[in-house]
Amino acid sequence: LTYTQVTAADVTELMGRQKHLQEESAKLAEANERMRRLFEQMPDLTAVFAMADVLAVGAIRAIRDRGLRVPEDVSVMGFDGIELGNYLSPRLTTVRQARERIADRSLEILLSDIAGERPAVHELLPFDIVEGESAAKIAR
């Protein structure tokens, strides 16, 4: 017989992961329901831009449940660039943020603000549009 010793830190980490999965699942369900309501208000909707990739996933489920195709009937674009988007069918078109750059600049701004060195700032940081398969090409 072999066994693995489990520490309190292991249990805490697992509980944290479980909580995160529950929160993501709730976001998927909420996005699905909001998309259903949006279709009630706008039945001829042809495109959706979700403020997070996980919300785009929930929207895609609602679109498919309605018997529509992505992107042929409704284009979907997310925001975040999470890895899950690469494993969807169709692959999710998304805006990928420069997360490390955002974190670095946020810390720099916060520290300079604490030191009283500069007023509040507004910056536009670079981003990429990751062309997946969930947004239809527009003919020009």
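The table below lists the values:
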| read-out | value |
| --- | --- |
| The stretch 21-67: relative contact order in percent, alpha carbon pairs under 8 Å with at least 6 residues between | 54 |
| Additional length obtainable on full extension of the chain from Arg37 to Phe127, 0.36 nm per residue less Cα span | 29.3 nm |
| The chain: most fluctuating residue of Thr94, Thr46, Thr12 per GNM, C-alpha cutoff 10 Å | Thr12 |
| Assigned charges on the beta-carbon of Lys, Arg, Asp, Glu; the chain dipole about Cα centre (debye) | 440 |
| Hz values of 3J(HN,Hα) by residue in the stretch 87-94 - Karplus curve (6.51, -1.76, 1.60), Gly and Pro given as x | 9, 7, 10, x, 4, 6, 7, 8 |
| Cα radius of gyration and Dmax for the chain (Å) | 20.0, 68 |
| Mean Cβ count within 10 Å, highest first, over the residues of peptides 60-71, 29-40, 111-122 | 60-71, 29-40, 111-122 |
| Charge tally in the Cβ shell below 15 Å around Leu107, where Lys, Arg are +1 and Asp, Glu are -1, Leu107 excluded | -2 |
| Pairwise FRET efficiency - Tyr87 versus Ala47, Cβ, R0 = 35 Å, nearest 0.05 | 0.95 |
| Top of Glu100, Glu23, Glu83 by mean-square fluctuation, Gaussian network on the chain, Cα under 10 Å | Glu100 |
| Helix-derived mean residue ellipticity, 222 nm - over the chain, DSSP H n ≥ 4, -39500 (n - 2.57), to 500 | -15500 deg cm²/dmol |
| D_trans [Stokes-Einstein, Kirkwood Rh over alpha-carbon pairs] for the stretch 60-140, 10 °C, 1.306 mPa s, µm² s⁻¹ | 105 |
| Positive-end extreme of charge dipole, the chain - chosen from Ser89, Ala120, Ala8 (charges on Cβ) | Ser89 |
| 3J(HN,Hα) from dihedral phi, the stretch 122-133, Karplus parametrisation 6.51/-1.76/1.60, rounded to Hz, x for glycine, proline | 10, 10, 9, 9, x, 8, 10, 9, 8, 7, x, 10 |
| Distance between modelled label sites at Gln22 and Leu110, nm, 7 Å Cα→Cβ extension | 2.7 |
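Read the figures in this text as sums done on the coordinates, not as results from a lab. Bear in mind that the values here come from a model prediction, so they are computed numbers and not experimental data. A quick note on method: Cβ atoms are made from the backbone with ideal geometry, for glycine too, and the neighbour counts reach across all protein chains shown.
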